[in-house]
Ligand SMILES: Nc1ncnc2c1ncn2[C@@H]1O[C@H](COP(=O)(O)OP(=O)(O)O)[C@@H](O)[C@H]1O
Ligand SMILES: [Mg+2]
C-alpha cells in the first residue's frame with residue numbers, strides 16, 4: 001500500500017479507538033479508556049488483518065514514545081522481537097533514538113517526515129506522522145534495499161555502456177584526424193590501413209548496439225514469443241555450419257555429434273539460434289589455434305542436452321559466477337581484440353530463462369570449458 005493509503009487508514013479518526021484496544025488485547029498496553037462495540041471490533045479486526053499481511057512496517061507510538069503496536073513486518077525490518085517491544089519505549093527496544101527523534105519532530109511540527117535509515121546490508125525508508133492531538137505518532141517502515149540495489153545496477157550499466165561506446169569512438173576520431181588534418185589521406189601507405197581500422201571500430205560499435213538492443217528487448221520480455229516445437233538437431237547443425245568458417249580460419253577442429261533420433265524443444269527459433277551461436281562463437285574465440293570444439297546434442301532423462309566443449313583458455317573459478325553478467329569479461333583486452341562486447345552470455349542467460357531451460361558451465365584454466373544447456377523435451 002502507498003504511504004498515502006496507510007496514512008489515510010491509520011490517521012483516520014477511528015485510529016485512537018482502534019489502536020489502543022489492539023495493544024490491550026495483546027495484554028501489553030493498558031488503554032486509557034477501553035472502548036467496546038461491535039463496530040470497533042470489526043474495525044480493529046480489519047486493521048489487524050491488513051497490518052499483519054503487509055510488507056511495510058507499521059509502528060504506533062503513544063505520546064511518551066512507548067510502542068502500542070508493531071506489526072510483523074516492522075519487527076522483521078528492524079530486527080526486534082515482539083515480546084521485548086510492545087509497551088516499551090521504542091528507543092530502548094531499538095537501542096537507538098533516531099526513530100524516536102523523528103516521531104517527536106513529526107508530532108512537534110504536525111507534519112509528515114521522512115528519513116532513510118542505512119543498516120548493514122539494508123536500506124530502510126521511515127515515514128513519521130503525528131496522530132490526532134496527544135495520541136503519539138505512527139511510523140511506517142519500507143524496505144528500500146532492492147530498489148537501491150537496482151538503482152546502482154542501472155547506474156553501473158549506463159556507465160559501462162557509455163564507456164564501451166566511447167572507446168571505439170575515440171579511436172575513430174583519432175584516425176580521422178590523422179587522415180584529414182595530419183595529411184595521411186594522401187599517404188598511400190597509411191590511408192588504407194587507417195580506414196581499415198576505422199571500419200573495424202565502426203563494426204564494433206554496430207555489434208555493440210545490436211547486442212544492447214537485443215538484450216533490452218529480451219529483458220522487456222517482448223523479444224521472442226513464438227512457441228514452436230523445434231528440432232534441436234537441425235538448429236544446432238545450422239549454427240555449426242554458420243560458425244564453421246571462423247573455426248577453419250583459426251585452425252580449430254569444430255566437430256558435431258547429433259542425437260540419432262530427432263529431439264524437440266518448444267521455443268522461438270531465433271532464440272535457439274542466438275544461444276547456440278553465442279556458445280559456439282565463444283568456444284572458438286577463447287580457444288587457441290590447434291585446439292578443438294565439440295558440440296553434442298543428446299537426450300538426458302526428459303531433457304534435450306546440448307554441450308559445447310572446448311580445449312581453450314578456460315575460466316578461473318572466481319570469475320565463473322560472474323560471466324553471465326552484462327559486460328563481465330575475464331580478460332577485457334582479449335575480448336575486445338576478438339570483437340567481443342561482453343554481452344553474449346547475458347543474452348544467452350536471459351534467453352535460457354525465457355525458455356525455462358537451464359545452463360551451466362564447467363571450466364579449468366588452461367584445459368578448457370564446457371557449457372551445457374538443458375531444455376525440456378517436447
Ligand atoms: N568458452 C569460453 N572459454 C573461456 N572463456 C569464456 C568462454 N565463454 C565465455 N568466456 C568468458 O566469459 C566472458 C563473457 O562472455 P560473453 O558474454 O560472450 O562476452 P564476449 O563478448 O567477451 O565474448 C568472455 O569475455 C570470456 O572471458
Ligand atoms: Mg561472446
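Inter-label distance, residue 157 to residue 227: 2.7 nm, where each label sits 7 Å from its Cα along the C-beta direction. With the simple spin-label model, which puts each label point 7 Å out from Cα in the Cβ direction, the residue 173 to residue 108 separation comes to 5.3 nm. Scoring 70-79, 338-347 by mean Cβ neighbours within 10 Å over their residues and listing the highest first yields 338-347, 70-79. The shape of segment 156-295 comes out oblate: with a ≥ b ≥ c from the C-alpha gyration tensor, a/c is at least 1.5 while a/b does not beat b/c.
Find the centroid of the Cα atoms in segment 232-310 and in segment 129-148, then give the distance between the two in whole Å. Spelled out, the Cα-based centre of one part sits 56 Å from the other. Tell me the mean residue ellipticity at 222 nm calculated for the chain from its helices only (DSSP H runs of n ≥ 4, each -39500 (n - 2.57), averaged over every residue, nearest 500). Rounded to the nearest 500, the figure is -15500 deg cm²/dmol. Judged by the mean number of other Cβ atoms found within 10 Å, the most tightly packed of the peptides 292-304, 314-326 leads the ranking 292-304, 314-326. What does a probe at residue 180 reach in segment 197-220, counting residues whose amide N is under 19 Å from the point 7 Å along Cα→Cβ? Taking a point 7 Å out along Cα→Cβ of residue 180, the residues of segment 197-220 whose backbone N falls under 19 Å are 197-203.
Just to be sure I understand: with springs between alpha-carbon atoms less than 10 Å apart, which residue in 162, 68, 96 has the highest mean-square fluctuation in the Gaussian network model of the chain? Result for the chain, Cα springs under 10 Å: 96 fluctuates most. Once label points are set 7 Å from the Cα along Cα→Cβ at both residue 317 and residue 266, what is their separation, rounded to one decimal in nm? The two pseudo-label positions are separated by 4.0 nm. Here the residues 211, 187, ranked from fewest to most Cβ neighbours within 10 Å of their Cβ, fall in the order 187, 211. Efficiency by 1/(1 + (r/R0)^6): what FRET value for residue 49 and residue 132, r their Cβ-Cβ distance, R0 = 22 Å, to the nearest 0.05? Efficiency computed from Cβ-Cβ geometry: 0.45.
The order of the peptides 237-243, 100-106 by mean Cβ neighbours within 10 Å, most packed first, is 100-106, 237-243. For the chain, the relative contact order comes to 10 percent (Cα pairs under 8 Å, sequence separation of at least 6).
Computed with the Debye formula from one identical point scatterer per Cα of segment 196-260, without solvent, the log10 of I(q)/I(0) at q = 0.12, 0.13, 0.25 Å⁻¹ comes to -0.57, -0.66, -1.01. The Rg/Rh ratio for the chain, using Cα coordinates for both the radius of gyration and the Kirkwood hydrodynamic radius, is 1.19. If the chain linking residue 365 and residue 325 were pulled fully straight, counting 0.36 nm for each residue of separation and taking away their Cα-Cα distance, it would gain 12.4 nm.
Length gained on full extension, residue 205 to residue 190: 3.1 nm, using 0.36 nm per residue less the C-alpha separation.
Laboratory data are not the source of any read-out in this text; all were calculated from the coordinates shown. The structure presented is a predicted model; accordingly, all values stated were derived computationally and were not measured. Neighbour counts run over all protein chains shown; Cβ positions are idealised from the backbone, glycine included.
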